[in-house]
Amino acid sequence: MRTYVQRVGSWLCLLAGLMWSVAANADDGYRLWLKYDLIKDAGLRTAYASQAGFIQVTGRSGILASAAGELQAGLQGLLGKPVPVVSSGSKTGGIVLTVSQAVALPNAEGYQLTQQGGNVVISAKTEAGVLYGAFALLRHLQTRQPLRNLPQSSSPKVRYRMLNHWDNVNGTIERGYAGGTLWKWYELPETVDPRYRDYARANASLGINGSVLNNVNASARFMTAEYLQKVAAIANVFRAYGIRVYLSVYFPAPKVVGGLKTSDPLDPQVKAWWTDKVAEIYKLIPDFGGFLVKANSEGEPGPQDYGRTHADGANMLAEALGDHDGIVLWRSFVYKADPKGDRFKAAYEEFKPLDGQFHKKVIVQVKNGPIDFQVREPFSPLFGAMDRTPLAMEFQITQEYLGFATHSVFEAPLFKECLDSDTWQKGKGSTVAKVIDGSVGNYTLSAMAGVANTGSDRNWTGNPMGQANWYAFGRLTWDHTLASETLAREWVNMTLTTEPKAAQAITDMMLRSREIYVDYTNPLGLHHIMGYGIHYGPEPWLDRAPRPDWRHTYYHRADSIGVGFDRTASGSNALSQYKPEVQAQWNNPESCPLPYLLWFHHVAWTKKLPTGRTLWDEICTRYYTGADAVGWMQQQWAQAKPAIDPELYADVAGRLATQHREAIWWRDACVLYFQTFAKRPIPAPFRQPDRTLEDVKRLVDIYQMR
Ligand code: BDP
């Protein structure tokens, strides 16, 4: 009996040990790109360790302590040995952190990594700069760069580098696909989730220095004393990582929570209310960043409700900020339900006349494209037109129109395509990036915002591949010249694997993924044909909605002749909102680049394109090859399997399988629907779908829970 018990006991121990080791190896994605797993190459480890004998830091205040702490944890993990933090010494072979006014860089948050007197020295004008330098050094080691590649120096090109959270008080996230909000409003301010710190670390590692905590469809609650206490508790955590908090404003807050009779921005009582509110906020949060405002847009109230302009509203808030170091980010995402108009033109029509009228603390925040975060958009004409107003970029990281957390779409190529577009605002070379970094207009205010894809899921982004979009966005806010390939490779190396073949297979998959998504959903410049409301799956046939510009037939305009939205002078003339040089690129259907063709032209189904195919055949080719290419993505991922954590591998493999099935759904829905107009066969070698249009329509109803 004793032997039996002993035997069972030892089996149980073995089993427990096994389970532990499985659990210890399983990667739940929580650590993002800050994994710091042991470097397996002993030679490299020794080389790095020879420069990492100690971390010397003189100050021990908030941000410097964060920098030293991060380096210590990172080096211990990567090198497998403890690294002491010391406050002084004349030893060599260590890392020295120093704040020095002598550092000559354009931005005080920039850093230098040099080798001096046998040490690696991280220096910057500010503590935040030192923190960014510490993360840069860690990234250097995580991506296995040789130490001889130092020195390096880097300075952020944009001043306000921020995430916008569309998080609601009730814990949900508008267009969030990774669980609920990270902010536990009901527990705050007393209980401060340790996760807030990890959120701040991740963002600081990219250079992000601001976070708007709440949805642009804002609740007035955030302006109450109760909620400001909660916000302050989060700000206290973020401060040690150089991140400032901002709040979205519900414009009628003075009426709703202030008890005033009006929220008219020119009313003296309203002005006084905001001035007092600002004072209250800065007392609690001395480094508060400022306000983000969605006004007179999609039913949100705003200054126009009182006969005032967007500039009146923005300037009133800017004045209320007074001498505090805060800004107002006023969104240009506005459009009216005009059946005769073109939604494309709306933001320009409202904001261009106000150019030059904004207070010096106001930045107008513009979505990358004129419509709404579609899979591909031409850049917003405002970037070329507002030459007397600083403009912020608003990208969407969360994949509202890009297949949620199911489809793997690497967004860096989308961001870059917009940033690198030439607006010609002040002549050739006035790229969108240079407009928003302030260099074209010579502004010191510059900002870039991304609508966050984070949530309470353990791995932060639902789809582990979504982490790469957070990563790429953040790195681009720091340096918009970084190439998509660099960003993909860095992220893969830091997050998934450094094994070269596997890393290459995944990088290749990521780099093609956006174009593949475009092909099986909206090829050749089709846009806004996704599932109504939910924005998932195809629904190009939608011709009934409360507003004309919420109908999808409004956007694609398919008829027996052809498809596409004529935005030239013979149509809505939206093209006239661009500089002549930009118009020249897109104006002529013969020379308009294919990715933008149906954005600007109604093209005949029979029209021969430069590819040698007719428009109809080209559309079909894109839908079919796009859907097939998801099969290729699956193969790429499978190639990397031996080098990837099994849990993480299986998670992404499952999502890719769904993506493949849904790509075929998109394909069938769109070719079957457009075929009812084109009245042509599916070109060989492709085959007519087995199912009918009615079959695919039913699928959409199921997703929409109709
Ligand atoms: C749209 C979203 C909506 C947002 C809106 C915005 O569908 O949920 O509120 O943008 O940016 O894309 O304000």
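The values are calculated or read from the model by the stated rules, or taken from the named source; none is laboratory data. All of these numbers come straight from a predicted model, not from anything done at the bench. Glycine also receives a Cβ, built like all others from the backbone with ideal geometry; neighbour counts cover every protein chain displayed. For the accessible areas, the whole protein counts, side chains as well, though only heavy atoms, and no ligand, DNA or RNA atoms are used. Shrake-Rupley method; radii C 1.70, N 1.55, O 1.52, S 1.80 Å.
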Just one of (1) under 30 Å from LEU138 (Cα atoms); (2) in contact (Cβ under 8 Å) with a residue 40 or more places away in the chain trips up LEU247, so point out which. (1)
Hits in the range 623-654 - residues which are of a type in the set (Val, Ile, Thr) and more than 24 Å from the chain's Cα centre (by Cα): THR625, ILE644
Got a number for residues in the range 172-217 being assigned to a loop (DSSP other than H, G, I, E, B) and farther than 19 Å from LEU292 by Cβ? 15
Assuming ALA47 fulfils every condition listed in (1) surrounded by fewer than 17 Cβ atoms within 10 Å (Cβ to Cβ); (2) touching a Gly at 6+ places or on another chain (Cβ under 6 Å) apart from one, which condition is it? (2)
Out of all the residues in the range 294-317, is one or more among the small types (Gly, Ala, Ser), more than 21 Å from TRP166 (Cβ to Cβ) and in contact with a helix residue (DSSP H, G or I) (Cβ under 9 Å, 6 or more places away or on another chain)? yes
For the subset of the range 295-310 comprising residues that are under 29 Å from the mean Cα position of the chain (by Cα) and open to solvent by 50 Å² or more (accessible area, probe 1.4 Å), which member is farthest from the ligand (Cβ to nearest atom)? GLY299
What about TYR241, is it modelled with pLDDT of 95 or more, more than 16 Å from the ligand (Cβ to nearest atom), within 23 Å of THR477 (Cβ to Cβ) and in a loop (DSSP other than H, G, I, E, B)? yes
Could you say which residue among ARG159, ARG201, ARG197 is within 30 Å of ASN107 (Cβ to Cβ) and touching a helix residue (DSSP H, G or I) at 6+ places or on another chain (Cβ under 6 Å)? ARG197
Hey, among the residues in the range 50-89 that are touching a Gly at 6+ places or on another chain (Cβ under 8 Å), farther than 24 Å from TYR471 by Cα and of a type in the set (Gly, Ala, Ser), which one's most open to solvent (accessible area, probe 1.4 Å)? SER50
Suppose we keep only residues that are crowded, with 17+ Cβ neighbours inside 10 Å and away from the ligand (no atom under 16 Å from the Cβ) within the range 285-294. Which one would you say is farthest from ALA235 (Cα to Cα)? GLY290
Could you tell me whether SER155 is in contact (Cβ under 8 Å) with a residue 12 or more places away in the chain, more than 25 Å from THR309 (Cβ to Cβ) and touching a strand residue (DSSP E or B) at 6+ places or on another chain (Cβ under 6 Å)? no
Only one of ALA337, ALA318 is small (Gly, Ala, Ser) and in contact with an Asp or Glu (Cβ under 7 Å, 6 or more places away or on another chain), namely ALA337
TRP273 - would you say it is of a type outside the set (Ser, Thr, Tyr) and either open to solvent by 10 Å² or more (accessible area, probe 1.4 Å) or over 19 Å from ALA220 (Cα atoms) (or both)? yes
Go through ALA663, ALA653 for me and flag whichever is surrounded by 21 or more Cβ atoms within 10 Å (Cβ to Cβ), in a helix (DSSP H, G or I), in contact with a helix residue (DSSP H, G or I) (Cβ under 9 Å, 6 or more places away or on another chain) and hydrophobic (A, V, I, L, M, F, W, C). ALA663
Which is within 24 Å of GLY441 (Cα to Cα) and within 16 Å of the ligand (Cβ to nearest atom), of GLU319, GLU350, GLU400? GLU350
Hey, can you tell me all the residues within the range 458-488 that are surrounded by fewer than 21 Cβ atoms within 10 Å (Cβ to Cβ) and either among the acidic types (Asp, Glu) or in contact (Cβ under 8 Å) with a residue 24 or more places away in the chain (or both)? ARG458, ASP479, THR481, ALA483, GLU485
Testing GLY313 on (1) open to solvent by less than 40 Å² (accessible area, probe 1.4 Å); (2) under 19 Å from PHE333 (Cα atoms); (3) part of a loop (DSSP other than H, G, I, E, B), one condition comes back false. Which one is that? (3)
Given GLU174, GLU190, which one is within 16 Å of the ligand (Cβ to nearest atom), surrounded by fewer than 18 Cβ atoms within 10 Å (Cβ to Cβ) and assigned by TED's automatic domain parsing to the domain that holds ASP437? GLU174
Residue check: is SER456 part of a loop (DSSP other than H, G, I, E, B), farther than 27 Å from ASN214 by Cβ, of a type in the set (Ser, Thr, Tyr) and touching a helix residue (DSSP H, G or I) at 6+ places or on another chain (Cβ under 9 Å)? no
Output yes when any residue across the range 616-625 is free of Cβ contacts under 8 Å to residues at least 60 places away in the same chain, more than 16 Å from the ligand (Cβ to nearest atom) and over 20 Å from PHE373 (Cβ atoms), and no when none is. no
Long-range neighbours under 9 Å by Cβ, at least six apart or interchain, first residue basic (Lys, Arg) within the range 400-429, second within 16 Å of the ligand (Cβ to nearest atom): none
Answer yes or no as to whether ASP519 is of a type in the set (Asp, Glu), away from the ligand (no atom under 16 Å from the Cβ) and buried (at least 24 other Cβ atoms within 10 Å of the Cβ). yes
In the set ASN164, ASN214, the lone residue that is within 16 Å of the ligand (Cβ to nearest atom), open to solvent by less than 10 Å² (accessible area, probe 1.4 Å) and in contact with a Ser or Thr (Cβ under 6 Å, 6 or more places away or on another chain) is ASN214
